[in-house]
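Everything on this sheet refers to the single structure shown next.
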Amino acid sequence: MPEENTSSPRFKIIQWILVSWILIIIFRLFQLQIFLHTDMSRLANNQQMTSQPIIAKRGKIIDRNGFSLAESIETSSLAVRPSFFYPQHKKVGKQINWGEPDRSSARYVANLLSPLIGMEPGQILNKLLTKKPFVYIARPLSPEATRQVESKGVSRFGLTLEKVFIRSYPKGTYAAQIVGFTDIDGEGKLGMEQVYNDLIKGQNGERSVYVDGRNRVMVDNNRITQEPIPGFNLELTLDSTIQRYAEEALATAVEKSRPQSAYAIIVNPNTGEILGAASYPTFDPNISVTKSKRTLEEALAARKFHAVEDGYEPGSTMKVFTVAMALEENLVNLEESIDCRGPFRTPFGQVIRDHGKNGFLKVNEVLAKSSNIGTAKIGTRLSREDFYSYLNKFGFGQPSGLGVPGEIRTPILPVKEWSGSTQYTLTYGYSLLTSPLHVLMAGSAIANGGILMKPMLVKNIFTEDGSIIKTFPPEEKKRVISEKTSALMRDILQDVVLEGTAKRARLDGVGSFGKTGTSYKRVNGRQDDNRHQYASYMGFFPADKPQYGILVMLDDAQFGGDGGDIAAPAFKQIADNIIRYKKTPTNISANNLPITLNLGNWPDPSIEEWIPDSNKVPDLKGLSLKVALQRIVASGGTPRVSLGNKQAKIHKVQSQDPVPHADLEKGQIIKVITESP
């Protein structure tokens with residue numbers, strides 16, 4: 001074969017083309033590596049790098065003693081970048097071309113995950129092929145499911161396991177309407193979770209994650225670009241123990257009377273702090289509506305904070321404020337007799353009747369017997385303008401200041417729109433729509449010396465390390481009546497308990513005062529005097545220096561009766577338990593040992609898990625002396641201690657008398673003998 005002439009024109013053309021091509025390649029490489037290096041590096045990073053959020057830990061909610069009401073527990077969520085299953089997936093400018101999916105690979109992954117996460121393969125397949133940048137498959141996963149998914153090396157299928165937090169409510173249904181709950185995205189949807197959502201949820205962080213050509217995360221190359229900031233924590237005014245007493249008493253009342261709804265709210269009348277608030281029906285924020293098998297209507301009813309959202313005509317409870325107004329204005333004398341013979345016809349033709357037959361009654365008897373006629377005659381001694389002014393001073397017709405969603409707005413009818421009978425009916429609790437919380441806060445002004453307090457639910461906001469960033473002190477709204485009138489009213493209202501309509505509210509060994517309330521509901525615009533009614537009792541104790549105010553309300557009870565029959569016993573059950581809980585025993589010392597204890601200030605977690613039986617002796621063996629004494633008092637007994645070693649700093653119960661689970665009478669002595677551990 002003859003050799004080709006290298007000097008031929010054809011060869012030179014080929015040679016020139018090859019050299020030119022090589023020079024163009026070298027020039028382009030030089031341009032990319034030197035001149036366009038920064039831009040190309042940025043484009044490459046944009047194609048290989050994506051960002052993922054780092055979920056911040058939501059702050060906790062605790063009660064006044066440090067017990068958890070809401071907390072976040074770390075777990076995982078399983079997510080996918082569906083572009084992994086679209087081989088032709090391409091982003092051109094702002095447009096995304098997905099192409100056809102790799103269904104075979106997607107089905108394989110769906111079948112692999114199904115038994116691990118308890119989801120149907122078809123559901124998983126739909127999520128894997130969703131044309132979105134990022135899709136959650138399951139959240140949250142249980143710890144066991146997380147371990148099993150991790151063991152399959154899911155990152156090779158475009159899947160990621162994200163650290164997330166689920167919200168847990170250790171007390172379940174207790175104060176659920178106040179604490180609230182969060183949705184699946186961690187946003188507060190009710191109660192304090194909603195009101196303080198922006199403070200509690202914290203700020204999410206971010207990490208940059210490198211992915212390969214098929215969008216699979218290369219975990220070893222991730223880096224945090226912004227650290228998450230945990231949310232702030234809330235300390236509420238609630239006391240979990242008092243809350244439990246309210247829940248138990250309400251459950252007993254509901255079981256006996258079968259109301260449509262019921263609630264009990266406990267406050268400190270001197271500070272406005274809400275210590276407990278139980279509602280029926282209620283819900284468990286740990287359980288979703290779907291899992292609870294409730295209809296949407298039932299779920300919404302259970303989430304209602306009745307004490308704030310419900311409006312009602314308070315009925316006889318209003319007589320307390322009517323008499324206080326007249327006393328403050330010196331328009332009534334405690335020694336005078338009021339003609340309460342009925343029926344009483346007003347100058348405007350209105351007929352007022354009492355439930356029983358009454359004659360001439362003194363002021364304390366008017367309240368003790370809950371006389372409509374006597375109250376109307378006392379209340380109309382005030383001018384319309386003065387009566388209206390006092391209603392406003394007591395807080396009626398104005399926002400309570402609690403600041404929770406859904407509070408009912410209940411403006412008072414202006415005086416110029418009153419009819420001739422309006423003031424008469426207002427005196428004994430009709431023609432006025434208000435909330436139970438408004439009534440209790442107004443009653444607290446009667447109890448505390450005459451000051452209307454702003455109701456409180458939050459004591460402190462603090463950081464993860466315990467540093468307090470904001471404290472909410474008690475707030476006085478205004479003086480309503482004088483201390484003298486307040487003291488007179490406390491004395492008068494004790495007769496309601498001792499001799500009047502609230503005998504079933506009498507407490508064990510502690511004086512109290514209060515007022516029953518029974519108001520007929522309006523059905524089709526008219527009062528129904530037969531069955532539809534609100535039965536309530538508002539009471540305060542101790543009588544000489546009130547520390548607790550309680551309002552119990554039962555709406556449309558099927559069985560029972562008025563406020564004195566069905567609401568007063570619930571008040572007594574709550575109050576007697578609080579007295580035992582907070583009581584300082586006087587005769588628990590032995591061998592001349594000086595012991596001073598305030599059991600109510602001991603936030604011992606073991607106490608919270610134990611439910612007292614007021615009819616049985618508790619089992620105390622092996623318990624610390626502190627816990628044993630609290631359990632004796634909470635059960636209704638009186639402790640007496642014999643120390644095995646007086647010099648020891650720690651004491652545990654070695655023996656007791658009577659034996660555990662024996663019948664226990666209220667005030668019965670329970671002897672304990674301790675040993676040093």
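Normalised by residue number, the volume inside the convex hull of the Cα atoms of the range 51-236 is 140 Å³ per residue. Taking 15 Å as the straight-line reach from the Cα of LYS127, the aspartates and glutamates in range (excluding those fewer than 8 positions away in the same chain) are ASP102. Helices that extend 27 Å or more along their long axis by alpha-carbon positions and average at least 1.0 on the Kyte-Doolittle scale are, among the DSSP H runs of the chain, 9-30. Within a straight-line Cα-Cα reach of under 27 Å, LYS131 can be paired with the following lysines, leaving aside sequence neighbours fewer than 8 residues apart in one chain: LYS90, LYS91, LYS94, LYS152, LYS163. Averaged over residues, the count of other Cβ atoms within 10 Å places the peptides 557-565, 397-405 in the sequence 557-565, 397-405, highest first.
Checking the cross-link filter: which lysines have an alpha carbon closer than 24 Å to that of LYS357, excluding same-chain neighbours under 8 positions apart? Partners found: LYS319, LYS369, LYS377, LYS503, LYS515, LYS521.
Once backbone amide H atoms are built at 1.01 Å from N, ILE137 has LEU78, ALA79, VAL80 as its partners under 5 Å, excluding neighbours fewer than 5 places away on the same chain. So what is the relative contact order for the chain, in percent, with contacts set as C-alpha pairs under 8 Å and at least six apart? Relative contact order comes out at 11 percent.
Sorting 572-581, 409-418 by average packing, meaning the other beta carbons within 10 Å per residue, from highest down gives 572-581, 409-418. Distance between the C-alpha centres of the range 224-251 and the range 294-338: 29 Å, rounded to the whole angstrom. With 20 Å bins beginning at zero, the pair-distance distribution over Cα atoms of the range 240-581 amounts to 32, 59, 9, 0 %.
Among the listed values [x] 15, 36, 26, 14, 5, 3, 1, 0; [y] 18, 49, 27, 6, 0; [z] 12, 19, 14, 18, 21, 14, 2, 0, the one computed from these coordinates for P(r) over Cα pairs in 20 Å bins from 0, in percent is [x].
All of the numbers you see were taken from the coordinates with simple rules; none came from a lab. If you're wondering where the values come from, they're calculated on a predicted model, not measured in any experiment. Cβ atoms come from the backbone with ideal geometry, glycine included; neighbour counts cover every protein chain shown.
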